[in-house]
Amino acid sequence: MKRRQFLQWTGLTFAAGAVGACAPRVDTGRAGSPQPTDAEAFRAARRFAHLPFGDIAYVERGSGEAALFLHGAPLNGFQWRGAIARLSPYRRCVVPDFMGLGYSRVPEHQSLAASAQADMLAALLDALAISTVDIVASDSGGMTAQLFMVRHPERVRTLLLTDCDTEPNSPPPKVKPAIEMARAGTLADATAQWLTDKALARSTFGAAVFREPSRFADETIEYYAAPLVSSPLRRAQYHAFHLSLEPNPLAGIEAELKRSRTPVRMVWGASDDIFPPADAHYLDRTLPHSQGIRFVPGAKLFFPEEFPEIIAGEAQRLWRVA
């Protein structure tokens, strides 16, 4: 792969195809904030639900009414560690890894399309004896959340969306280079480079999606990237996930969104140029029970990792808990 192509992908990348997250130390130093879970503890908490779709990895924390946290691509549930540390006193927080991403293990021919992901989530909730949930979703997870909400409106109490796909912008233009790399079979190779050159991950991807990319920790890069390139099958599924983003998985959903009765709140990175503020405004005017938008100054695509206290505060308000 040409260096220019790789740098274009990592520098511009996207809602549905990059590797990384902020370091756990992002949360330290804020008075009164709980310490986030490190990668080793998150790994130890991992469980597997044995479903017809495969073995779906998830982490669960807290009790009571359930909240479902849906990560971006190609991250995994570790994205939400700071948020669930704050919200587990109020909800049974369930944090799965999508098929083809993270630590879920699925058969070779399992569809990885957003519609199949939504079906998997329904089966996971059934397996965990959960009837209804509050959903918190980011990036491509927000795309799947919208599909799940219109298919299962009776199961979704509320929906909190951060920067994510919308019908007019799915996949967004800055995702297209990653899709083309997946089609060429080079995306996994590019991702694997970050395991041996973490400075590259910080200076390219980190700079594109975090306000403070210097806090993109080594253990976080490892936790996200390693499973994606761990075997020929996982590499192929990593590519297949991205190829499933075309054609637009949200095509035709607007009419159904306009009939939704679910309370929805948008919390958006004001400096995100992958899913710009126009996407939040589109959701606000399309969803009849929108609770409005909060723009986070200076924040980019994966700001929930840098500012989990914002996610926790907005979720508590939407859920009407103290």
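Among the listed residues 83, 44, identify the single one that is surrounded by fewer than 17 Cβ atoms within 10 Å (Cβ to Cβ) and either farther than 17 Å from residue 249 by Cβ or free of Cβ contacts under 8 Å to residues at least 12 places away in the same chain (or both).
Only one candidate qualifies: 44.
Can you tell me which residues in the range 129-188 are out of contact with any Asp or Glu (no Cβ under 6 Å at 6 or more places or on another chain), basic (Lys, Arg) and farther than 15 Å from residue 250 by Cβ?
155, 174, 176, 183
Which pairs turn up if I take residues in the range 121-146 that are under 17 Å from residue 287 (Cα atoms) and touching a residue at least 40 places away in the same chain (Cβ under 8 Å) and look for partners that are assigned to a helix (DSSP H, G or I) and among the small types (Gly, Ala, Ser) with beta carbon separation below 8 Å, at least 6 apart in sequence or on another chain?
Taking only residues 6 or more apart or on different chains, the pairs are 134/315; 135/145; 136/83; 136/315; 137/145; 143/114; 144/114; 144/118.
Out of contact with any Phe, Trp or Tyr (no Cβ under 9 Å at 6 or more places or on another chain), in a helix (DSSP H, G or I) and among the small types (Gly, Ala, Ser): which single residue out of 208, 199 fits that description?
Of 208, 199, the one residue that is out of contact with any Phe, Trp or Tyr (no Cβ under 9 Å at 6 or more places or on another chain), in a helix (DSSP H, G or I) and among the small types (Gly, Ala, Ser) is 199.
Can you work out which of the residues in the range 182-197 that are out of contact with any His (no Cβ under 8 Å at 6 or more places or on another chain) and crowded, with 20+ Cβ neighbours inside 10 Å is farthest from residue 243 (Cα to Cα)?
Checking each candidate, the answer is 194.
Looking at 104, 88, which one is more than 18 Å from the chain's Cα centre (by Cα) and of a type in the set (Gly, Ala, Ser)?
Every option except 88 fails the conditions.
Right, residue 171: in contact (Cβ under 8 Å) with a residue 12 or more places away in the chain and surrounded by 19 or more Cβ atoms within 10 Å (Cβ to Cβ) or not?
In short, yes.
Let me spell it out: the conditions are (1) in contact (Cβ under 8 Å) with a residue 24 or more places away in the chain; (2) over 22 Å from residue 133 (Cβ atoms); (3) surrounded by fewer than 14 Cβ atoms within 10 Å (Cβ to Cβ), and residue 289 meets all of them except one. Which number is the exception?
Every condition holds for residue 289 apart from (2).
Kindly indicate the residue of the range 256-274 that is among the acidic types (Asp, Glu) and within 18 Å of residue 302 (Cβ to Cβ) and also modelled with the highest pLDDT among those meeting that condition.
So the residue we want is 272.
Exactly one of these conditions fails for residue 278: (1) out of contact with any Leu (no Cβ under 6 Å at 6 or more places or on another chain); (2) closer than 21 Å to residue 133 by Cα; (3) assigned to a helix (DSSP H, G or I). Give me its number.
Failing condition for residue 278: (2).
Among the residues of the range 251-259, is any among the basic types (Lys, Arg), over 21 Å from residue 137 (Cβ atoms) and either surrounded by fewer than 19 Cβ atoms within 10 Å (Cβ to Cβ) or in contact (Cβ under 8 Å) with a residue 12 or more places away in the chain (or both)?
no
With 140, 111, 104 as the choices, which residue is of a type in the set (Gly, Ala, Ser) and touching a Leu at 6+ places or on another chain (Cβ under 9 Å)?
So the residue among 140, 111, 104 that is of a type in the set (Gly, Ala, Ser) and touching a Leu at 6+ places or on another chain (Cβ under 9 Å) is 140.
Does residue 251 satisfy the condition of being assigned to a helix (DSSP H, G or I) and not polar (S, T, N, Q)?
In short, no.
What helices (runs of 4 or more DSSP H) lie completely within the range 32-136 and have 3 or more residues being farther than 20 Å from residue 155 by Cβ?
So the answer is 39-45, 81-87.
For the list (1) among the acidic types (Asp, Glu); (2) part of a helix (DSSP H, G or I); (3) buried (at least 22 other Cβ atoms within 10 Å of the Cβ), I need the number of the one condition that residue 272 fails.
Against the list (1) among the acidic types (Asp, Glu); (2) part of a helix (DSSP H, G or I); (3) buried (at least 22 other Cβ atoms within 10 Å of the Cβ), residue 272 comes up short only on (2).
The values are calculated or read from the model by the stated rules, or taken from the named source; none is laboratory data. Predicted, not measured: the structure shown is a model, and the values here were computed from it. A quick note on method: Cβ atoms are made from the backbone with ideal geometry, for glycine too, and the neighbour counts reach across all protein chains shown.
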